[in-house]
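Down below is the structure, laid out as C-alpha cells.
Laboratory data are not the source of any read-out in this text; all were calculated from the coordinates shown. Predicted, not measured: the structure shown is a model, and the values here were computed from it. Using ideal geometry, Cβ is built from the backbone for each residue, glycine included, and neighbour counts are taken over all protein chains shown.
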Amino acid sequence: MEIHPLQAKILKISQTQDVDDISLRMLSRLIGSDSPQKTKHHLEQLKKHGLLGGKKKAIRKETSLFGTPHSLVEIPILGSANCGQALISPEEGVRDYLTVSERFLPKKTNIFAVEAKGDSMNLSKIGPEGKNIEENDYVIIDAGDRSPRNGDYVLSIINGFGNIKKFSQKGNTIVLKSESTKNYPPIILHPDDNIEYFVNGRVIQVIKQ
C-alpha cells in the first residue's frame, strides 16, 4: 500500500512517540505540514487503515558492547536554533533523526532536537551532569513543557525565529538570559510588545557531537 509522504513521516514519529499526545500544531511542524487540518486528515486516514492505534510500537532494542540490553530512541531534529538573538527558525520540518540511548534521556516521548548555533550558552548547566551548550551540540527539547519556571532553560520563538536562553519572569517582564564566556545582553520582553512570542519547550538534555 502506497501512503502519502506526510503519513510516512507521522508513522516514523509514532515509532518513538504517541502522536495522540502531540498537538496538531506541533505535529504539523514535525512533519513539515502547512495545515493542522491537513495533518488531522492524514492521522485519520492512518487510523482508518489500521496503521495507527492499538499497541504502540516498541522502541528498538539493541545490545551494548558490554552485553547489557538497552533501548535506542530516534529523536526528530527540527533544524537549528540560535544561542544569541532569535535569528534562526527551528521549525523547518523534520530534517533528520538523532538516535540516542534512552539512558541519556529523562523522558522519551513528546521530545525533539535542535542543533545549537552560537556561543552565548557555553556556561549553561543542563541536567544532572551540568552540561553546557556549544556550537553544533544537539539540544533536546521537551515539547510538552511550555510553562517554564524561573531558572529553566527554554527554546523561545520570537517572531518565528528561535533561541535558547535561561528564562525568568517577574510580573509582566520576561527576561531571556545568556550564560557565556562573552558578554551578551539579555532579551527583555513585555506582553504589550508588538511581537509574537511563545515558549516552544524546555531544554532537558544536551547531546555532544
Most exposed first, judged by fewest Cβ atoms within 10 angstrom, T39, T109 run T109, T39
List the aspartates and glutamates whose alpha-carbon lies under 20 Å from that of K170, not counting same-chain residues fewer than 8 positions away?
D145, D152, E179, D192, D193, E196
Taking the alpha-carbon centre of each part, the distance from region 5-50 to region 177-209 in Å is 28
Any idea what angle helix 5-14 forms with the longest principal axis of the chain, computed on alpha-carbon atoms, 0 to 90 degrees, nearest 10?
80
Among E44, E102, which comes first, second and so on when ranked by fewest other beta-carbon atoms within 10 Å?
E44, E102
Under unit Cβ charges (Lys, Arg +1; Asp, Glu -1), what dipole magnitude, rounded to 20 debye, does region 61-207 have relative to its Cα centre?
480
So, relative contact order of region 61-207 in percent, Cα under 8 Å, 6 or more apart, is 24
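Counting other C-beta atoms within 10 Å, and keeping those with at most 13, which DSSP coil trypsin sites (Lys or Arg not before Pro) do you find in region 137-175? Display every interim value, and only then the final one.
Values: sites: R146, R149, K165, K166, K170; in loops: R146, R149.
Counting only loop positions with at most 13 other Cβ atoms within 10 Å, the trypsin sites (Lys or Arg not before Pro) in region 137-175 are R149.
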Dipole of region 5-48, positive end: most advanced residue of T39, I13, L24 [Cβ charges, Cα centre]
T39
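How large is the direction-averaged shadow of the alpha-carbon convex hull of region 5-48, in nm²? If you can, show how the numbers build up before the last one.
On the way: hull surface 10.4 nm².
That works out to 2.6 nm², a quarter of the Cα hull's surface.
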How long are the semi-axes of the equivalent ellipsoid of the chain, defined as square roots of 5 times the Cα gyration tensor eigenvalues? Whole Å, largest first.
31, 22, 13
